[in-house]
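> Quick one: the structure is below, and I'll ask about it shortly.
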Amino acid sequence: MSDSPKTLLLVDGSSYLYRAYHALPDLRNGEGLPTGAIYGMINMLRKLRNDYPAEYSACVFDAKGKTFRDDLYPAYKEHRPSMPEDLARQIEPIHEAVRALGWPIVMVEGVEADDVIGTLAREASAQGVRTVVSTGDKDLAQLVNGEVTLVNTMSGEVLDPAGVQAKFGVPPERIVDYLSLIGDAVDNVPGVPKVGPKTAVKWLTEHGSLDAVMAGADGIKGVVGENLRKTLDWLPMARTLVTVKTDCDLGAAVSDFHSLKDVGEDKDKLVAFFSRYGFKTWLRELTGESLPSLRAQAAKGAGARAPQAQGGLFDSAPAATPADPVPAPDAPPAETRYETVTTEAALQAWLDRLAEGALVAVDTETTSLDPMQARLVGISLSLVPGEACYIPVGHCGPDVAGIEQHGQLTREFVLERLRGWLEDPARPKLGQNIKYDAHVFANHGVTLRGIVHDTMLQSYVLASHRNHGMDSLAERLLGIKTITYEEVCGKGASQIGFDQIDLARATEYAAEDADVTLRLHRAMFPQLQAVPGLEHVYRHIEMPVSVVLQKIERNGVLIDAQRLAEQSAQLGQRMLELEQAAYDAAGQPFNLGSPKQIGEILFGQMKLPVVKKTASGAPSTDEEVLQKLAEDYPLPKLLLDYRGLAKLKSTYTDKLPKMVNPATGRVHTSYGQATAVTGRLASTDPNLQNIPVRTEEGRRIREAFIAPPGRVIVSADYSQIELRIMAHISGDENLLGAFARGEDIHRATAAEIFGVEREAVSSEQRRYAKVINFGLIYGMSAFGLAGNLGIEREAAKHYIDRYFTRYPGVARYMEDTRQAAREQGYVETVFGRRLWLPDINGGSGPRRQAAERAAINAPMQGTAADLIKLSMIAVQDWLERDRLQTLQIMQVHDELVLEVPEAELELVKRRLPELMCGVAELRVPLVAEVGSGANWEEAH
DNA sequence: ACTGCTGCGTAC
DNA sequence: GACGTACGCAGCAGTG
């Protein structure tokens, strides 16, 4: 063994092509040519060159031509989809780039890349040269030994013999056996049916080798044993196919690996290439245009950033929506100065700048996406576009006392120095979804105050139907391709925490976020100010409610987990009984949770009539269908009952206890404030806006939403809010009159439609009227109404006509709204919130009709959302002003739920509905109904 | 194992 | 195609 063995670096180019193509977004250069795979490939080769200095290297690609495997097994790689067009167009450019970077390319006709790599690695080993193989393909793990290592450049994973053992459960020399057993679906090489990684490892561990497994096949029980015996004849062929050859004839061109030397970059070619494909950052590096020193320092050794967008990237905005400002195509790249703050002096310098009182963009990096669990890893700040700092406080390793550790200031020290500014309501702050950052600071005992702007909410108010993520906003409005979190931390199983990222790379990413947030504000806020209604919604509804939402989320709600567990047990018991009954009715067991299997039983075996089909053409088994079939057969009813119980158990009684935060003992939902296009909130993790209420069974879940001792739950909901808004907007005299007189609105509607006195309305008639009233809000057609009521379409049309005759203002409103939507491209709420409808003119028939229904619904749903948001702001303001102990804990679209000390109960029950009804003066009275109790069910 | 889609069902 | 806005479950197919 030599003191310094030489290294051969082999890149499995073919496997990386696909991975780079799929992993990266659809990048294109100025000519519209796809460049994502090219970019990924160059990036990867540069990184490899840096990480693994090698005396010899090559990039290996598959070549044309049949291989020995095709001859042995004609079905080899059959069914594999052909290469996507956009990738195929990048192959030639990739070869060109690889050559320009100085890498030898090896392609041998009739030999797969894997076999080329195997052969070269073996030759190298024979001559005492180490080999590093860079690949994303697990099959090559069979090549690993003392001299050959595998590296997955995209995940950073390095596999030596111990690594292979750890990853696969078998050593490298058993990988071939392992692959033979499980097969390779991608290459269309079958293994033993029903044998996956687990079974393969188990067998190989027990018997030692594939040969031994085959020899002992008779002793293996069960279906898998049966399958193994059936496959015995095939397995030798499978082994041959999955074995990488190490003795190929590579021809004269690559007679041995000594010829595989890096010839160095061809700068002229690279310059031409980078400019042709629009890789501006790399171009700048090559042509020596220096970057600002701090920026360059931050970028050192961390790979280049993605190329800048050049115009082809911008999705074309629907004609009717506001045009995004697009930067001039030849605008010079913005210069950036990003600083990593790791000393007391540097922190003080930033504190001095903060003291000047300008608007500051704030962003936090953390350990978790869960806002209540996230721990602070670093803070970034920006006061001037292009300039930002990153203050790391939690990178690598546990906390220790003092003001400095791991080359960073400690979290306690930084937060104490920043606390005065962070908590000062007079120091204006800006963020992108700053509600999240407020939670993070709160997790460390710091109350973020002075939140005046949020770019996510600006985007939402300007165009609620578009994306509001920072990366897409930056691209759309600034023409900047930002570093994504995924690029920094990876994704899926290989994702690592931000605290693991080195400070230079972390600064690049985090400081950019603060910088970009500030720049986005400067791009969007003037647009908001240009439309008074939008500025009003932003300033007086969205920004203040954001602060309230953060408090509500933090308050959380107390859950009686014990009670839910009991319910789960009962539900599970009854499900078992239903399951058995269903098996008996069907004559065989099947998965009751699988619509597909239900369909096979009902419509395949039992030949029941197909009532309707799903979107994909399969026979539907939804509630409506089962309901109908249940009239004539017993099984559908069992399935219906089972489904109802399964839903309750899986979604609610099992799930909610798992969502209890261990630190607070309560459930903390997150309200999405920029999710629903109409202005409504959305609740996630868990969704507390769809807790059952309609059935007796479901309502029991609400009994588990409780108050702690000495407190009660109070709930107040707006009565008929959307119909009231319809009356207000339409100005229909008849409808306004009914509300003014405080009538039961469905009864009044029934009296009008059926032409009877209020007192003479039957419950059936009232039910019809209720369905019609709801249908109107949703823009329902005669067809829909007929389906819903189970009546003829003609009859439904008759009722609708009758309705519009009695409420002509409503008919006028519907038509006016469609008209306005077509002319303006948007509709508005009473408070000026806009909903853009790109399909209202441009869309195809069905899409345009859907847009028309959305146009009719949005002003009502959106105004209701505006009203309850104003209520939440007013209620929170009142509670804090009067220093009450009452907490707001939930919002469910037209309902507010509070947790109230008994001493404040009477006050809250009186004042809460007053506040809710007083937030706006409409042409109809607003009515809120309030209730209280030991749990949500009692209060509702 | 992970991802994304389908089918279904819950809320207002 | 036919009723608007959401979230999330289990199953399942495709992919690594």
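> Calculate the dipole size of region A:465-588 relative to its Cα centre from +1 charges on Lys and Arg beta carbons and -1 charges on Asp and Glu beta carbons; express the result in debye to the nearest 20. Let's see the in-between values first.
On the way: 12 positive and 18 negative charges, 110 e Å.
Here the size comes out at about 520 debye.
> Tell me which of A:Tyr460, A:Leu359, A:Leu409 sits at the most positive position along the dipole axis of region A:337-530, charges placed on C-beta atoms (Lys, Arg +1; Asp, Glu -1).
A:Tyr460
> For A:Leu9, what is the net charge nearby, where nearby means another residue's Cβ is under 14 Å from its Cβ and Lys, Arg count +1, Asp, Glu -1?
Numbers: positive: A:Lys6, A:Arg46, A:Lys47, A:Arg49, A:Arg130, A:Lys261; negative: A:Asp12, A:Asp51, A:Glu55, A:Glu147, A:Asp262.
Every neighbour counted, the sum reads +1.
> Let me ask you something else. May I ask which residue of A:Leu10, A:Pro425, A:Leu45 lies farthest towards the positive end of the charge dipole of chain A, with charges of +1 (Lys, Arg) and -1 (Asp, Glu) on Cβ and the Cα centre as origin?
It is A:Pro425, whose Cα lies furthest towards the positive end.
> Per DSSP helix of 4 or more residues, -39500 (n - 2.57); summed, then divided by the residues of chain A. What does that give at 222 nm, rounded to the nearest 500? Let's see the in-between values first.
Values: 40 runs with 438 residues, N = 940.
Calculated mean residue ellipticity at 222 nm is -14000 deg cm²/dmol.
> Between the DSSP loop rule and a limit of at most 14 other Cβ atoms within 10 Å, which trypsin sites (Lys or Arg not before Pro) in region A:592-651 are left? Don't jump to the answer; show the numbers that get you there.
Values: sites: A:Lys596, A:Lys607, A:Lys612, A:Lys613, A:Lys628, A:Lys637, A:Arg643, A:Lys647, A:Lys649; in loops: A:Lys607, A:Lys612.
Of the trypsin sites (Lys or Arg not before Pro), the ones in loops of region A:592-651 whose Cβ has at most 14 other Cβ atoms within 10 Å are A:Lys607, A:Lys612.
> Can you give the longest stretch of chain A with no exposed loop site, where a site means GluC sites (Glu not before Pro) in a DSSP loop (not H, G, I, E or B) with at most 13 other C-beta atoms within 10 Å? Write out the running numbers ahead of the final one.
Working: sites that count: A:Glu31, A:Glu78, A:Glu109, A:Glu289, A:Glu335, A:Glu356, A:Glu631, A:Glu757, A:Glu792, A:Glu921.
The segment A:357-630 is the longest one with no such site.
> Considering only the other residues whose Cβ falls under 9 Å of the Cβ of A:Ser464, what net charge follows from Lys and Arg at +1 and Asp and Glu at -1? Mind showing how you got there, number by number?
On the way: positive: A:Arg466, A:Arg833, A:Arg834; negative: none.
Counting the neighbours of A:Ser464, the net charge comes to +3.
> Which order results if A:Asp115, A:Asp654 are arranged by neighbouring Cβ count within 10 Å, fewest first?
A:Asp654, A:Asp115
> 5 Å is the cut-off here: which amide hydrogens, built 1.01 Å from N in the peptide plane, fall below it relative to A:Val148, excluding neighbours closer than 5 in sequence?
A:Thr131
> Charges at C-beta only: +1 for Lys and Arg, -1 for Asp and Glu. How large is the resulting dipole of chain A about its Cα centre, in Debye rounded to 20?
Working: 101 positive and 126 negative charges, 286 e Å.
Using only the charged Cβ atoms, the result is roughly 1380 debye.
> Out of the trypsin sites (Lys or Arg not before Pro) in region A:703-778, which ones are loop residues according to DSSP with at most 16 other C-beta atoms within 10 Å? Please list the in-between numbers first.
On the way: sites: A:Arg711, A:Arg724, A:Arg741, A:Arg747, A:Arg758, A:Arg766, A:Arg767, A:Lys770; in loops: A:Arg741.
Answer by residue number: A:Arg741.
> Counting Lys and Arg as +1 and Asp and Glu as -1, each charge on the Cβ, what is the dipole of region A:733-806 about the Cα centre in debye, to the nearest 20?
Working: 10 positive and 10 negative charges, 29 e Å.
Once rounded to the nearest 20, the dipole reads 140 debye.
All of the numbers you see were taken from the coordinates with simple rules; none came from a lab. Quantities reported herein were computed from a predicted structural model and do not represent experimental measurements. Reconstructed Cβ throughout: ideal geometry from the backbone, glycine too, with neighbour counts over all protein chains shown.
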